[in-house]
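First the structure, in the form of structure tokens, and then the observations on it.
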Amino acid sequence: MHIVVCVKQVPDTKIIKINPKTNTLDRRSAPAILNPYDAHAVQEAVRMKKVQGDGRISVVSMGPPQATAIIKKSVEIGADEGYLISDRAFAGADTLATSYALSKALDKIAKIQPIDMIICGKHAIDGDTGQVGPGIARRLDIPPITNVIEVCEINEAEKTALVKRKVINGYELLQVNMPCLLTVEKEINHIEYSPLPNMLKAARYEPIIWSVNDLEDVDRTQLGLKGSPTIVGKMFTPPKPDGGKRLEGTTDEQVKQLMDVLMDKKELFYVK
Ligand SMILES: Cc1cc2nc3c(=O)[nH]c(=O)nc-3n(C[C@H](O)[C@H](O)[C@H](O)COP(=O)(O)OP(=O)(O)OC[C@H]3O[C@@H](n4cnc5c(N)ncnc54)[C@H](O)[C@@H]3O)c2cc1C
């Protein structure tokens, strides 16, 4: 079974600062990390490989040369091979152009070894659209299953997977034909400590880097800024919400004040 995980390098949004003058992200203020959802995606591929007792895990990323760091990180988690597509032609890509470029890289990886499953994170913590995974599936004409919280069973003979996906009031259990594309939630697994041999392999590992010329049947008008119909109208920092109301007085008085607030907003809590 060949699983390919799409991994994206993102700034650590827990520490990133916003330039108050330009209202844009100061990308130098935070280290670049493997998108946390993608770390869970790689971990899930490792778990599936262990359960199946065999298989191959590749990861692919589109980004600048520094993105090799997250490919090495993926190898540390347990990926066997890593590909980076990196070229000025990809710069300025929106989600449409990103999914196009990644689908061309996936076509090439599939020629090396046919792909049974593609896994993406639910979303990237910087762009946060959640569009790239389904976009890739549409381009490759394979079924996408989003918000997956468990891969329950893989039937390699029948080429099917049984997966659980999160929905508003619970979950759905779906059987899907492979090849398919899953986007995964964080609760799908816990990131395990990497074993020492993986760390040693990752330290020495050199990802395979492809430029646009290495990909086949590429329509260059669909790449980068040229292939990106999205227009960013405005970027701004949302206003800080007002501080909450402080309850005063005795416990009874505070309970009464709290009840008044709750009854005021009862429609928000579905109180009848
Ligand atoms: C006009 C415009 C110009 C832009 N220019 C740039 C630019 O020059 N440089 C830049 O970095 N961003 C740029 N962006 C942002 C870029 O569009 C998004 O970062 C990118 O398309 C991914 O979208 P997302 O972050 O919403 O990912 P999501 O759709 O939220 O990501 C879901 C999953 O898709 C996969 N994925 C997403 N992106 C990648 C990737 N690059 N490689 C591998 N897997 C991936 C991961 O598994 C991820 O968990 C631009 C956006 C716009 C609108």
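Put a dot 7 Å past each Cα toward the Cβ at Met259 and Tyr171; how far apart are the dots in nm?
Roughly 4.0 nm, to one decimal.
Give me the extension gain from Lys226 to Gln66: residue separation times 0.36 nm, minus the current Cα-Cα distance, reported in nm with one decimal.
Taking Lys226 through Gln66 to full extension adds about 55.3 nm, to one decimal.
Give me the angle, in degrees from 0 to 90, between the Cα long axis of helix 68-77 and the longest principal axis of the Cα atoms of the chain, rounded to the nearest 10.
90 degrees
So for Asp214, Asp116, what's the accessible-area order with a 1.4 Å probe, most first?
Asp214, Asp116
Distance between Cα centroids, the stretch 171-211 to the stretch 66-135: provide it in whole Å.
12 Å
Using all C-alpha to C-alpha distances in the stretch 59-187, build P(r) with 5 Å bins and read off the rounded percent in each one.
With 5 Å bins starting at 0, P(r) equals 2, 10, 18, 22, 23, 15, 6, 3, 0.
Which value, in Å² and to the nearest 10, is the accessible area of Phe236 when all protein chains are kept and the probe is 1.4 Å?
130 Å²
By how many degrees, 0 to 90 and rounded to 10, does the Cα axis of helix 251-264 deviate from the longest principal axis of the chain?
60 degrees
At R0 = 22 Å, how high is the FRET efficiency between Asp242 and Asp12 if r is their beta carbon distance? Nearest 0.05 is fine.
It comes out at approximately 0.20.
Give me the Kirkwood hydrodynamic radius of the chain, using the inverse of the mean 1/r over all pairs of distinct Cα atoms, in Å to one decimal.
Roughly 20.7 Å, rounded to one decimal.
Quick one: if the Förster radius is 30 Å, what FRET efficiency do Ala157 and Tyr193 give, using the C-beta to C-beta distance and rounding to 0.05?
The formula returns an efficiency of 0.35 here.
Taking only Cα atoms, what is the 0 to 90° angle, nearest 10, from helix 95-112's long axis to the longest principal axis of the chain?
For helix 95-112, the angle is close to 40 degrees.
Residues of the stretch 94-130 with amide nitrogen under 18 Å from the 7 Å Cα-to-Cβ point of Asp219?
Taking a point 7 Å out along Cα→Cβ of Asp219, the residues of the stretch 94-130 whose backbone N falls under 18 Å are 94-108.
Could you order Tyr193, Tyr37 by accessible surface area, starting with the largest, using a probe radius of 1.4 Å?
Output order, biggest surface exposure first: Tyr193, Tyr37.
Roughly how much of Glu187 is accessible, in Å² to the nearest 10, using a 1.4 Å probe?
Rounded to the nearest 10, the figure is 100 Å².
Cut-off under 27 Å on the C-alpha distance; same-chain residues fewer than 8 positions from Lys72 excluded. Which lysines are left, in chain and number order?
Excluding near neighbours in sequence, the set is Lys8, Lys14, Lys17, Lys49, Lys50, Lys104, Lys108, Lys111, Lys122, Lys186, Lys201.
What percent do you get for the relative contact order of the chain when only Cα pairs under 8 Å and 6+ apart count?
23 percent
The values are calculated or read from the model by the stated rules, or taken from the named source; none is laboratory data. All of these numbers come straight from a predicted model, not from anything done at the bench. Glycine gets a Cβ as well: all are built from the backbone with ideal geometry, and neighbour counts include every protein chain shown. Only protein heavy atoms, including side chains, enter the accessible area calculation; ligands, DNA and RNA are left aside. Shrake-Rupley method; radii C 1.70, N 1.55, O 1.52, S 1.80 Å.
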